[in-house]
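The values are calculated or read from the model by the stated rules, or taken from the named source; none is laboratory data. Small disclaimer: the values here were computed from a predicted structure and weren't measured. Cβ coordinates were reconstructed from backbone atoms using ideal geometry, including for glycine residues, and neighbour counts include every protein chain displayed.
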Amino acid sequence: MALPAEASTGFKFDNVKRNQLLGDKGYKLPTATKTGTTIVGLIFKDGVVLGADTRATAGTIVADKNCEKIHYLAPNMYCCGAGTAADTEFTTSMISSQLALHSLNTGREARVVTAMTMLKQYLFRYQGHIGAALVLGGYDVTGPHLFTIYPHGSTDKLPFVTMGSGSLAAMSVFESRWREGLSREEGIELVKDAIEAGVFNDLGSGSNVDVCVLTKGNVEYLRGYSRPNERVFKEQSYKFAPGTTEFIDPAAAQGEDATAMDVSA
């Protein structure tokens, strides 16, 4: 027997007033898929390291266990996204197209501050209704750069940053261990530990750790760099090696002397 289809609520993105009236009358609005998320970035001696978890949630349901939250913007810069999954993906994709056109028009590699300005101006126009909290990192002619862009359009430029629902746990790792002049390996391990702190202390973050290393003229995207929650499958059949279970040799058992029990008392 087929289950009855869920009644349409009449929700439409371009009719805000109608959506509000439907919500007031008790009609349930559709739930957006959110990335929950822990995203981080830090500057090390030779460049920038970005990191993100891979869990996407729809309310209390894990919608995707291995989604990509580190998005390509240009050959020399990448951007981590937290918030509403569709908003982060389409916003970064649009800015990536604009940066490509900018590079073609100028004949030069785009600067990281150019991408940051494009993102903040775009998000500010929508006053926070585009749910994209971003960590932007890259390396250009002026060196390594790291920015955070909030959904309302404000920005920060810092040597290490965290965003998302697991950001407090990740920030505690950075504040206790970050220092100037980190090597590439130290930077990657610190980012991994910060993401894992978010994974294990925030229900909206989980699964694997993705890392992206940006240096002068080179980008290395380490997909699934750490897998702290590897799935364990149930054993289908148990096969024990010979000699695992001890047993009594029947021949030896027959040769043992049996002593009668005294039942006279």
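Could you tell me which residue of the stretch 104-142 is surrounded by the most Cβ atoms within 10 Å (Cβ to Cβ), considering only residues that are among the basic types (Lys, Arg) and in a helix (DSSP H, G or I)?
120
Would you tally the residues in the stretch 156-169 being free of Cβ contacts under 8 Å to residues at least 40 places away in the same chain and under 17 Å from the mean Cα position of the chain (by Cα)?
So the count comes out to 1.
Please work out which residue is farthest from the chain's Cα centre (by Cα), limiting yourself to the stretch 76-94 and to residues that are touching a residue at least 24 places away in the same chain (Cβ under 8 Å) and surrounded by fewer than 16 Cβ atoms within 10 Å (Cβ to Cβ).
Top of the filtered list is 94.
For residue 36, work out the one condition from (1) among the small types (Gly, Ala, Ser); (2) surrounded by fewer than 20 Cβ atoms within 10 Å (Cβ to Cβ); (3) within 23 Å of residue 158 (Cα to Cα) it doesn't fulfil.
Evaluating residue 36 over (1) among the small types (Gly, Ala, Ser); (2) surrounded by fewer than 20 Cβ atoms within 10 Å (Cβ to Cβ); (3) within 23 Å of residue 158 (Cα to Cα) leaves (2) as the failure.
Determine which single condition residue 12 fails, assuming it passes every other condition in (1) within 23 Å of residue 186 (Cα to Cα); (2) at pLDDT below 75; (3) of a type in the set (Lys, Arg).
So residue 12 meets the others, but not (1).
Filter the stretch 143-164 down to residues that are out of contact with any helix residue (DSSP H, G or I) (no Cβ under 7 Å at 6 or more places or on another chain), of a type in the set (S, T, N, Q) and surrounded by fewer than 21 Cβ atoms within 10 Å (Cβ to Cβ), then give me how many there are.
Looking only at that region, the number is 1.
Of the residues 97, 172, only one is in contact (Cβ under 8 Å) with a residue 12 or more places away in the chain and in a helix (DSSP H, G or I); which?
172
Could you say whether any residue in the stretch 210-222 is part of a loop (DSSP other than H, G, I, E, B), over 19 Å from the mean Cα position of the chain (by Cα) and either closer than 18 Å to residue 44 by Cβ or not small (Gly, Ala, Ser) (or both)?
yes
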